[in-house]
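What follows is a single structure, written as structure tokens, with notes after it.
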Amino acid sequence: MTDFSRLPDLASRASGGAVVAANDEFFAAKENLVLPEPAAARTEFGHKGKEYDGWETRRRRSPGHDWAVVRLGAPGIVAGVVIDTAHFTGNYPPRASLDGAAVEGHCSVDELTKADWQPLLPLADLAGNTHNHFPVYSDRRVTHVRLNIHPDGGVARLRVHGTALPDPRLVDAGPFDLAALENGGVVTAVSNEFYGRPAQLIAPGLARSMGEGWETARRRDSGNDWVEVQLACEGVVTLAELDTSYFLGNAPGTASLTGIGARGEVPLLPRTRLQPDTRHRFVLDGAPGVERVRLDVHPDGGMARLRLWGRPTAAGRAALGRRWFDALPDVQALEVLGSIGLPPEDAGRLVGARPASGELPSVVARLLDGPPG
């Protein structure tokens with residue numbers, strides 16, 4: 001397993017990703033590409049031929065190549081991709097490439113075809129029935145990716161691993177889950193992940209079974225298990241949700257939360273009794289701004305979800321806004337500045353001078369650093 005594959009899959013259907021367009025899906029539907037579960041072997045035949053758990057195009061009889069466009073469930077910076085050709089042996093594409101685009105708003109398929117697509121992965125050789133891993137070297141935030149297969153064939157799954165980077169304009173609109181994967185939260189350390197990956201704690205939505213949470217092995221010493229989450233930005237946590245849904249005979253007996261920030265470690269939630277199969281909610285009064293939070297479970301066990309609702313600090317919001325702006329592709333950055341009324345010549349200078357620093361026009365400072373107060 002490569003390092004990037006431990007990062008969240010930004011394209012997964014479980015995170016809200018979707019395949020929005022493909023030029024051909026004659027043998028197998030494009031939507032299979034982003035299903036969260038591994039591709040399954042299928043033996044049945046349909047009217048069009050053998051059924052496959054993946055995306056498969058017809059045999060190309062003309063020049064060109066086939067493609068599929070994926071809207072990321074969590075826009076962000078891509079660190080690597082897995083082009084999985086599981087169960088495709090004599091019908092996989094010999095080569096593939098990947099492009100990325102950043103699009104404002106909720107665009108149509110026609111608008112997507114006219115987007116400013118930039119290469120993320122150059123044309124690379126693929127092997128059949130294999131998880132093909134490729135690192136991506138990019139510092140730009142994208143909202144969509146386009147998988148190009150040359151010339152045709154079948155791909156079981158596309159995994160787009162990276163770090164989510166939220167739009168700060170949405171952060172300003174209301175309550176914000178500082179720990180959420182889709183907002184840029186990342187699990188940075190864990191004591192044990194024997195039964196379930198800790199990243200599932202901050203995944204979107206409610207868990208649908210015990211298998212969609214984090215669970216440790218049974219502890220046989222006097223210690224306890226824990227997991228640490230890097231927040232989307234420095235923030236003040238005002239409401240914590242510790243969800244033990246589906247964990248019945250294996251829920252932790254108690255749990256606590258500790259914040260980690262400029263002041264060092266600060267208690268957020270003292271050690272508190274938990275119940276099995278329950279969504280626990282705790283109001284946190286007077287908590288300082290923190291950058292990371294450690295969840296300690298005593299002594300061990302499993303948890304479905306961890307939610308840390310709150311608000312960014314002024315410094316955290318400014319850091320997030322500037323990190324987002326610096327990661328925008330040039331075309332989208334110009335569009336964003338134009339939408340707030342900045343003249344094109346001023347917008348061009350700011351985009352060309354990134355990373356953003358120093359004193360900015362007030363309308364730009366409000367966008368990047370957040371509203372005053």
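A few comments on the model shown:
- Taking region 99-192 and dividing mean pair separation by its residue count, relative contact order in percent (alpha carbons under 8 Å, at least six apart): 26 percent
- Among the trypsin sites (Lys or Arg not before Pro) in region 233-293, those placed in a DSSP loop whose Cβ has at most 13 other Cβ atoms within 10 Å are 263.
- Fraction of accessible area attributable to carbon and sulfur, region 285-373 (%, probe 1.4 Å): 56 percent
- Region 1-130, relative contact order [Cα under 8 Å, separation at least 6], %: 26 percent
- Rg/Rg_globular for region 29-116, with Rg_globular taken as 2.2 N^0.38 Å and Rg from C-alpha atoms: 1.26
- Taken about its Cα centre, region 92-167 carries a charge dipole of about 280 debye when Lys and Arg each add +1 at the Cβ and Asp and Glu each add -1 at the Cβ.
- DSSP-loop GluC sites (Glu not before Pro) across region 37-100, with at most 11 other Cβ within 10 angstrom: 44
- Loop-located trypsin sites (Lys or Arg not before Pro) across region 108-163 with a Cβ neighbour count of 15 or fewer within 10 Å are 114, with loop assigned by DSSP.
- Residue 89-residue 194 FRET efficiency (beta carbon distance; Förster radius 30 Å; 0.05 resolution): 0.35
- Heavy-atom accessible surface of the chain, averaged per residue, reaches 46 Å², computed with a 1.4 Å probe.
- For the residues 148, 183, 23, a GNM of the chain with alpha-carbon springs under 10 Å puts the largest fluctuation on 23.
- Rounded to 0.05, the FRET efficiency of the residue 206 and residue 248 pair, given R0 = 25 Å and the Cβ-Cβ distance, is 0.95.
- Based on Cα contacts under 8 Å between residues 6+ apart, the chain shows a relative contact order of 16 percent.
The values are calculated or read from the model by the stated rules, or taken from the named source; none is laboratory data. Because the structure is predicted, anything quoted here is derived from the model rather than measured. In this analysis, Cβ positions are derived from the backbone assuming ideal geometry, glycine residues included, and neighbour counts consider all displayed protein chains. Note: areas computed on protein heavy atoms with side chains; ligands, DNA, RNA excluded. Shrake-Rupley method; radii C 1.70, N 1.55, O 1.52, S 1.80 Å.
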